[in-house]
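Undergrad: So that we are looking at the same thing, I have put the structure below in structure tokens.
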Amino acid sequence: MIINHPLLGPRDSSEFYHLGDATLINRPDPDAADAAEQFYEYVYIRDDPAGEYRELWYHEQGDRSWLVVTRNTLTHEISSVELARDVARRQGK
Amino acid sequence: MHYSALQILKQGLTGNKGWKPVWREPKPKSAYDFIIVGGGGHGLATAYYLAEEFKQANIAVLEKGWIGSGNVGRNTTIVRSNYLLPENTPFYEMSLKLWENLEQDFNYNAMMSQRGILNLFHSDGERDAAARRGNAMVLSDADAVLLDREGVRKMCPFLDFDNERFPIKGGLLQPRAGTARHDAVAWGYARGADRCGVDIIQNCEVTGFQIENGVCSGVETTKGNIKANKVGVCVAGSSSRVMALAGMRLPIETHVLQAFVTEGLKPVIPGVVTFGAGHLYISQSDKGGLVFGGDIDKYNSYAQRGNLPVIEHVAEEMMAMMPMLGRARLLRSWGGVMDMSMDGSPFIDKTHIGGLYFNGGWCYGGFKATPASGMCYAHLLATDTPHPNATAFRLDRFRHGIIIDEKGQGAQPNQH
């Protein structure tokens, strides 16, 4: 698989470390009343879709940036790559 | 028809005209007492033990494709019980004991061959870990032998003992481990279940569950709706997709694991050998092909095919361990999709929906577990209580912090 890095251009996926679902950006509020329940879902429970999937990749062998990659888990086709920083900022993080 | 040497002789003398189809191809009835969703190894084993061991009747197995078309026909056929944690060891040792009697039990040749598994270690730290694991195995009634360098050399003189980077310091041997013909395991269980009256319905995909007021009363399929008192889902590799039909989210990610086979060679490897400085397991089939595999591809996938970096990595490990194989030619590679659970351990449990049961999360260790998984799931379905050897495989264990993390990797499915 080739990941089209927004800053560096096309890079081989073996340069990256795959962390998992992009919802991991949304860490729950530890002070919330139901924080334990929210963290249980955050850490352990996944949608795991067959089809379009937004996921976090870390450019470990490169510029060490975190990316949000939208990829189809049935075909491995990548439809968009963004800097995780930009995604997080857009979500007000 | 009972299979035996006498039967072969009799059929041979009468022109082989008396052989019957190995299982029926029935139409689905409108209702069953038990429906098993998934005609893989675990589903067929569950149906077989439900009928044969727990004396239940009116059972159907529904399979989307043809039986054995998923992971039971895609694995590297290794059977072992070399586990460490007390939640796992009795279960896998029970499985190995069932394997040892399987062929006599279901009257089918599964080519079970106890040729041993040798886990190499390459450092003092790894030797300590191997000794600890071996002790845990012996305590759980399994067998384990700690070999030093010379012991390994006697067994496998062809290994690269003088590799500068990964010198072989010894190995942990489980002599009773081995391999089994994976397709024959599915066929044997299917035939055994069919002989007990189980309806095996192929090309019948479950497309929904009939759930009302928190109780499941049947399934919707491509062959119509079928009622059932109890529905047991057993579809590892597709668990997230199928359980989503019941509105459930699971502590599972689906990943792809590749496997490989070379062209047929003369006998070179006596048993199963694993590389300790990476992840590589290799054995030789009765046909002569070297069957091997390594890590999962480490990204979520339902594609049943992987990518080249893993192939390269596995080939490099093979060269580090057995340089003599450098000229062996790869015949085929393929992929299977795995339920990778959050702690690397499986689930055999009820769900919060009445009448709906779940078996999955086998990561890439499901094949060896087939008999025990079938037996324990059948126990749960028949009695509504977990089998004593499978009480820890709960679906709610992450909520309560009672995880079974055999490798100590944390909630990171691609690292298990």
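The values are calculated or read from the model by the stated rules, or taken from the named source; none is laboratory data. Small disclaimer: the values here were computed from a predicted structure and weren't measured. No Cβ is skipped: glycine too gets one built from the backbone with ideal geometry, and neighbour counts run over all protein chains shown.
Undergrad: How many residues does the range B:279-299 contain that are of a type outside the set (V, I, T) and touching a helix residue (DSSP H, G or I) at 6+ places or on another chain (Cβ under 8 Å)?
TA: Result for the range B:279-299: 10.
Undergrad: A follow-up question, please. Return the only residue of B:D349, B:D339 being in contact (Cβ under 8 Å) with a residue 24 or more places away in the chain, away from every other protein chain (no Cβ under 14 Å) and among the acidic types (D, E).
TA: Values: B:D339 fails: away from every other protein chain (no Cβ under 14 Å).
Of B:D349, B:D339, the one residue that is in contact (Cβ under 8 Å) with a residue 24 or more places away in the chain, away from every other protein chain (no Cβ under 14 Å) and among the acidic types (D, E) is B:D349.
Undergrad: Separate question: For the range B:272-308, what are the residues that are of a type in the set (K, R) and within 14 Å of another protein chain (Cβ to nearest Cβ)?
TA: Those that are of a type in the set (K, R) and within 14 Å of another protein chain (Cβ to nearest Cβ): B:K298, B:R305.
Undergrad: Spot the failing condition for A:A84; the list is (1) farther than 13 Å from B:Y299 by Cβ; (2) surrounded by 16 or more Cβ atoms within 10 Å (Cβ to Cβ); (3) within 11 Å of chain B (Cβ to nearest Cβ); (4) touching a strand residue (DSSP E or B) at 6+ places or on another chain (Cβ under 9 Å), and only one is missed.
TA: Here A:A84 clears every test but (3).
Undergrad: In addition: Filter the range B:9-59 for residues that are part of a strand (DSSP E or B) and out of contact with any helix residue (DSSP H, G or I) (no Cβ under 8 Å at 6 or more places or on another chain) and give the result. Can you show your working first?
TA: Applying the first criterion (part of a strand (DSSP E or B)) to the range B:9-59 yields B:31-37, B:59.
Result: B:A31, B:Y32, B:D33, B:I35.
Undergrad: Does at least one position in the range B:309-324 carry a residue that is under 22 Å from B:P175 (Cα atoms) and touching a residue at least 24 places away in the same chain (Cβ under 8 Å)?
TA: We begin by selecting, within the range B:309-324, every residue under 22 Å from B:P175 (Cα atoms); these are B:321-322.
Okay, now just the ones that are also touching a residue at least 24 places away in the same chain (Cβ under 8 Å), so B:321-322.
So far as the range B:309-324 goes, yes, one or more of its residues are under 22 Å from B:P175 (Cα atoms) and touching a residue at least 24 places away in the same chain (Cβ under 8 Å).
Undergrad: Would you pick out the residues in the range B:248-271 that are surrounded by fewer than 20 Cβ atoms within 10 Å (Cβ to Cβ), within 10 Å of chain A (Cβ to nearest Cβ) and of a type in the set (D, E, K, R)?
TA: B:R249
Undergrad: Name the residue that is farthest from the other protein chains (Cβ to nearest Cβ), counting only residues in the range B:391-410 that are more than 11 Å from B:S345 (Cβ to Cβ) and under 22 Å from the mean Cα position of the chain (by Cα).
TA: B:T391
Undergrad: Same structure again: Confirm whether B:A190 is in the same structural domain as B:L62 (by TED's automatic domain parsing) and under 16 Å from B:G39 (Cα atoms).
TA: Yes, satisfied.
Undergrad: Determine whether A:T75 is within 13 Å of chain B (Cβ to nearest Cβ), more than 14 Å from the chain's Cα centre (by Cα) and among the polar types (S, T, N, Q). Full working, then the answer.
TA: On the way: within 13 Å of chain B (Cβ to nearest Cβ): yes; more than 14 Å from the chain's Cα centre (by Cα): yes; among the polar types (S, T, N, Q): yes.
Against the criterion (within 13 Å of chain B (Cβ to nearest Cβ), more than 14 Å from the chain's Cα centre (by Cα) and among the polar types (S, T, N, Q)), A:T75 qualifies.
Undergrad: Follow-up question, since we're still on this one. Being assigned to a loop (DSSP other than H, G, I, E, B), surrounded by fewer than 16 Cβ atoms within 10 Å (Cβ to Cβ) and modelled with pLDDT of 95 or more, is that true of even one residue in the range B:126-134? Spell out the reasoning first.
TA: Going through the range B:126-134, the residues assigned to a loop (DSSP other than H, G, I, E, B) turn out to be none.
No, the range B:126-134 contains no residue that is assigned to a loop (DSSP other than H, G, I, E, B), surrounded by fewer than 16 Cβ atoms within 10 Å (Cβ to Cβ) and modelled with pLDDT of 95 or more.
Undergrad: Does any residue of the range A:47-63 turn out to be more than 9 Å from every other protein chain (Cβ to nearest Cβ), without any contact (Cβ under 8 Å) to a residue 24 or more places away in the chain and out of contact with any helix residue (DSSP H, G or I) (no Cβ under 6 Å at 6 or more places or on another chain)?
TA: Scanning the range A:47-63 turns up no residue that is more than 9 Å from every other protein chain (Cβ to nearest Cβ), without any contact (Cβ under 8 Å) to a residue 24 or more places away in the chain and out of contact with any helix residue (DSSP H, G or I) (no Cβ under 6 Å at 6 or more places or on another chain).
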